[in-house]
Amino acid sequence: MARKNSKDRGLFEQPSGSGVWWVCYFDAFGRRHREKAGSKGLARRLYEKRKTEIREARYFPPERRMPVMFEEILEDYRRAAEKEQRGDGWGQERFRRLRETFGGQPAAVITPVAVEAFRDELSRDHAPATVNRHLQLL
């Protein structure tokens with residue numbers, strides 16, 4: 001509920017004067033959570049909803065996961081291909097090129113635009129069939 005000087009517990013405006021309100025609360029395990037709500041009325045309702053969910057043990061915060069890197073996926077696939085004895089050395093060049101191009105990125109951020117740029121770069125120096133094989137591996 002409202003506090004003295006019309007301060008609402010768990011609500012704050014960020015940045016000040018912007019009209020964008022956030023809620024801040026602690027779950028049953030003592031972890032702090034913050035969520036962007038929008039208007040002050042929405043923030044107040046969201047805060048009450050979250051506190052009720054926490055009291056009734058119905059609140060399950062979203063899991064925080066480390067991003068999966070493209071290089072890890074590529075390496076797992078390479079190992080599986082070796083186990084199944086797929087590949088006759090042709091794949092090493094493709095794996096190397098994919099690792100150079102996309103290796104340091106999380107897999108989730110590789111966009112169709114990036115794939116098209118990769119395809120265009122390959123098509124300058126290679127035959128269409130070779131480009132297709134790179135894309136197939138990707």
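With respect to Glu100, is the statement that it is of a type outside the set (Ser, Thr, Tyr) and loosely packed, with under 13 Cβ neighbours inside 10 Å true?
Considered against the rule, which asks whether it is of a type outside the set (Ser, Thr, Tyr) and loosely packed, with under 13 Cβ neighbours inside 10 Å, Glu100 comes out as yes.
Residue check: Arg78 meets all listed conditions (1) surrounded by fewer than 10 Cβ atoms within 10 Å (Cβ to Cβ); (2) in contact with a helix residue (DSSP H, G or I) (Cβ under 7 Å, 6 or more places away or on another chain); (3) of a type in the set (D, E, K, R) but one, namely (1). Here Ala37 meets each of (1) surrounded by fewer than 14 Cβ atoms within 10 Å (Cβ to Cβ); (2) under 24 Å from the mean Cα position of the chain (by Cα); (3) aliphatic (A, V, I, L, M); (4) farther than 30 Å from Asn132 by Cβ with one exception, condition (1).
Table: residues versus (1) assigned by TED's automatic domain parsing to the domain that holds Gly10; (2) in contact with a strand residue (DSSP E or B) (Cβ under 9 Å, 6 or more places away or on another chain).
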{"residue": "Ala28", "(1), (2)": "yes, no"}
{"residue": "Arg34", "(1), (2)": "yes, yes"}
{"residue": "Gly38", "(1), (2)": "yes, yes"}
{"residue": "Pro61", "(1), (2)": "no, yes"}
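The residues in the range 40-59 that are surrounded by 14 or more Cβ atoms within 10 Å (Cβ to Cβ) and in contact with a helix residue (DSSP H, G or I) (Cβ under 9 Å, 6 or more places away or on another chain) can be counted, and the count is 1.
Take the conditions under 24 Å from the mean Cα position of the chain (by Cα), part of a helix (DSSP H, G or I), modelled with pLDDT of 90 or more and not assigned by TED's automatic domain parsing to the domain that holds Leu11 and apply them to Ala114. Does it pass? Yes; evaluated as a whole, the condition is true for this residue.
Collect the residues in the range 24-36 that are in a strand (DSSP E or B) and either of a type in the set (Gly, Ala, Ser) or under 19 Å from Glu56 (Cα atoms) (or both), keeping them in residue-number order. Within the range 24-36, Cys24, Tyr25, Phe26, Arg32, His33 qualify. Here Arg45 passes the criteria (1) at negative phi; (2) in a loop (DSSP other than H, G, I, E, B) except the one numbered (2). Only one residue in Phe95, Phe29, Phe60, Phe70 is at pLDDT 90 or above and not small (Gly, Ala, Ser). Which one? One residue alone meets the criteria, Phe70.
The values are calculated or read from the model by the stated rules, or taken from the named source; none is laboratory data. Everything numeric in this text was worked out from a predicted model, so none of it was measured. Neighbour counts run over all protein chains shown; Cβ positions are idealised from the backbone, glycine included.
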